1. Based on what the data block shows, is residue B:76 among the small types (Gly, Ala, Ser) and more than 8 Å from every other protein chain (Cβ to nearest Cβ)?
2. What is the number of the single condition among (1) modelled with pLDDT of 90 or more; (2) within 7 Å of chain B (Cβ to nearest Cβ); (3) open to solvent by 50 Å² or more (accessible area, probe 1.4 Å) that residue A:51 does not meet?
3. For the range A:11-57, name all the residues that are assigned to a helix (DSSP H, G or I) and charged (D, E, K, R).
4. Inside the range A:38-48, can you point out the residues that are of a type in the set (A, V, I, L, M, F, W, C) and surrounded by fewer than 19 Cβ atoms within 10 Å (Cβ to Cβ)?
5. If residue A:107 passes every condition in (1) open to solvent by less than 70 Å² (accessible area, probe 1.4 Å); (2) under 25 Å from residue B:25 (Cβ atoms) but one, which one does it miss?
6. Would you tally the residues in the range A:54-75 being open to solvent by 70 Å² or more (accessible area, probe 1.4 Å) and aliphatic (A, V, I, L, M)?
7. Please go through (1) among the aliphatic types (A, V, I, L, M); (2) in the same structural domain as residue A:24 (by TED's automatic domain parsing); (3) closer than 22 Å to residue A:3 by Cβ for residue A:72 and return the number of the only condition it doesn't satisfy.
8. Being within 30 Å of residue A:119 (Cα to Cα), in contact (Cβ under 8 Å) with a residue 40 or more places away in the chain and more than 7 Å from every other protein chain (Cβ to nearest Cβ) is true for just one of B:37, B:30, B:64. Which residue is that?
Amino acid sequence: MQIPLLIAAIIMFAFQTFRSKRLITSALWLAGVSALLSVVFFQLGGWQVAVIELSVGAGLVTILFVFAINIVGDEVVEERSLLPRSFVVGIILLNTLLMGWFLFPVISQATEGTEPPFSTMLWQERGLDILVQIVLIFAGVLGLLGLLAEAKAPLDQPIAEQVAARRESDLKALQDSSLEKEKEYAI
Amino acid sequence: MNLSSSYVGLIGILGLLGVGFYGLLTTRNLIRIVIALQILVKATLLGLIVAGNTSNQINLVQSLAVTVIVADTVVAVIGIALAVQIRRRVGTLDVKELSTLRG
């Protein structure tokens, strides 16, 4: 009985993510989706993934979103859709009906089976996945550092103009001093 | 295995996919687009767990779901960093104004 209520709440939270005007509110609704989803995972038997989803999805990613919104400002973009909304809703309904039509018969063919414990499965049978995850995390960190790094010598127009003006004034001062010296020698 | 919870989970997957696609196709804010991608990945995660619950292979599915969560987090981090840089350099997050191509 709990799972249908949780699923309804998740869909409502997800919809609220796009209805709210402010970005920070959207990020908090997304955190709510992650938190409720982790409860559903727990109910369905995926305990380890539930913990990871709660800590990463509802914790880390939300902090990242709040951090980014703090930097860029809570800009309210005019929410005029690129495509007509009725067209989008029609496509999504068609997509959902087709997917439901294909998936409902498949999910009724439940199977029985045994499998090794989670730790054996993760570290021994899918060890290559762990290596790929480590590489992916390093690539993500390096990409983030590269993207957020400030340029050491910014070549913006105002700074370039400042440098040119300073050079001109130095040159003028040098010329003036040399002219004065020539006058002194002439005297 | 509980078949009715699997059906409810399937409805949840379809609902999350629908909301995620709706957000992806209608919004113009870059950060909201990353949020829509997050919701789509959460639908995928729910699909994996429901499939594992139905087929009694929850441990295999959990190991796959961990990989998906890691990849999803990296995508979110890079997407957010790109949005921050675009806001600094261009001054807007509106995807329509970012296009400099004129045809």
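1. Details: among the small types (Gly, Ala, Ser): yes; more than 8 Å from every other protein chain (Cβ to nearest Cβ): no.
The answer is no for residue B:76.
2. Of everything listed in (1) modelled with pLDDT of 90 or more; (2) within 7 Å of chain B (Cβ to nearest Cβ); (3) open to solvent by 50 Å² or more (accessible area, probe 1.4 Å), residue A:51 misses just condition (2).
3. Filtering the range A:11-57 down to residues assigned to a helix (DSSP H, G or I) leaves A:11-19, A:23-43, A:47-57.
Within the range A:11-57, A:19, A:53 qualify.
4. Here is the first cut: in the range A:38-48, the ones of a type in the set (A, V, I, L, M, F, W, C) are A:39-42, A:44, A:47.
Those that are of a type in the set (A, V, I, L, M, F, W, C) and surrounded by fewer than 19 Cβ atoms within 10 Å (Cβ to Cβ): A:39, A:42, A:47.
5. Going through the list (1) open to solvent by less than 70 Å² (accessible area, probe 1.4 Å); (2) under 25 Å from residue B:25 (Cβ atoms), residue A:107 breaks only (2).
6. First, the residues of the range A:54-75 that are open to solvent by 70 Å² or more (accessible area, probe 1.4 Å): A:54, A:60, A:63, A:67, A:70-71.
Those still in the list that are aliphatic (A, V, I, L, M) too: A:54, A:60, A:63, A:71.
Residues flagged as open to solvent by 70 Å² or more (accessible area, probe 1.4 Å) and aliphatic (A, V, I, L, M) within the range A:54-75 amount to 4.
7. It is condition (3) that residue A:72 fails.
8. Values: B:30 fails: within 30 Å of residue A:119 (Cα to Cα); B:64 fails: in contact (Cβ under 8 Å) with a residue 40 or more places away in the chain.
Going through B:37, B:30, B:64 in turn, just one is within 30 Å of residue A:119 (Cα to Cα), in contact (Cβ under 8 Å) with a residue 40 or more places away in the chain and more than 7 Å from every other protein chain (Cβ to nearest Cβ): B:37.
The values are calculated or read from the model by the stated rules, or taken from the named source; none is laboratory data. In this text the structure is predicted, and so the values were computed from the model without any measurement. All Cβ positions, glycine included, derive from the backbone under ideal geometry; neighbour counts span all protein chains shown. Each accessible area value is taken on the protein alone, full model and side chains, heavy atoms only, with ligands, DNA and RNA left out. Shrake-Rupley method; radii C 1.70, N 1.55, O 1.52, S 1.80 Å.
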